[in-house]
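Inspection log for the structure reproduced underneath, given as structure tokens.
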């Protein structure tokens, strides 16, 4: 209503009430990533920014991978929400962010963001433990530790093969000393003294669904 208080010539008067409704405003939502491609186990951050023509939206943002909900994160005071994960599986992912809305702003969903996760590289680190008795070599234990290369992560699985590779002018001969399954990122082979080769041993990691194969050749064992 509008009110005229009156003056010496005119009486005070009130206008007829005028009714109107203020609805919730539209919000805009953008989604960005720390990178459109990653390797398995690499942390990836997704940043959702919610804005409006006036005011700062509140509420939450839900991040999803296709139909799978990943996390729901509250907006901070600047209208942003961040979600970081290193658990994305191998392959292509369609990531979306959905703003919940609040008392003043309507909810909205972002356009899909494509994130691709590839196999991570690996390296084989070998630890040698030689056992002697009266200064005589009794056995050698080789432990192959399979490490993901940065920025990848996780614990590789699969199998390791211990080989002796002999090269002549015409042929390459491969003798398998043994194989071992990886447990906790490590595989172990124990060789008696009479089975220890007079040259380095080649250790081959077969790789798995998430991790690339790799190999290393040791120096001649003690």
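What follows draws every value from the coordinates through simple rules; no lab data is involved. Predicted model only: the values in this text are computed from it and were never measured. Cβ sites come from the backbone with ideal geometry, for glycine too, and all protein chains shown count toward neighbours.
General observations
- Cα-Cα separations in the chain greater than 27 Å, expressed as whole percent: 60 percent
- Per-residue Cβ neighbour counts within 10 Å put 14, 142 in the sequence 14, 142, beginning with the fewest.
- By the count of other C-beta atoms within 10 Å, a proxy for reagent exposure, 170, 212 are ordered fewest to most as 170, 212.
- Cα extents of segment 25-118 along the three principal axes, largest first (Å): 41, 22, 18
- Residue with peak Gaussian network fluctuation, the chain [Cα springs, cutoff 10 Å], from 98, 168, 80: 168
- Using R0 = 22 Å, the C-beta based FRET efficiency linking residue 220 and residue 175 works out to 0.90.
- Nearest-0.05 FRET efficiency for residue 139 and residue 199, computed from C-beta distance (R0 25 Å): 0.90
- Segment 134-188: Cα Rg divided by the 2.2 N^0.38 Å rule of thumb: 1.54
- Inter-part distance where segment 119-160 and segment 36-89 are each reduced to a Cα centre, Å: 38 Å
- Radius of gyration over Kirkwood radius for segment 48-167, both on Cα atoms: the Rg/Rh ratio is 1.32.
- In Å, descending, principal axis extents of the Cα set of segment 122-217: 44, 39, 19
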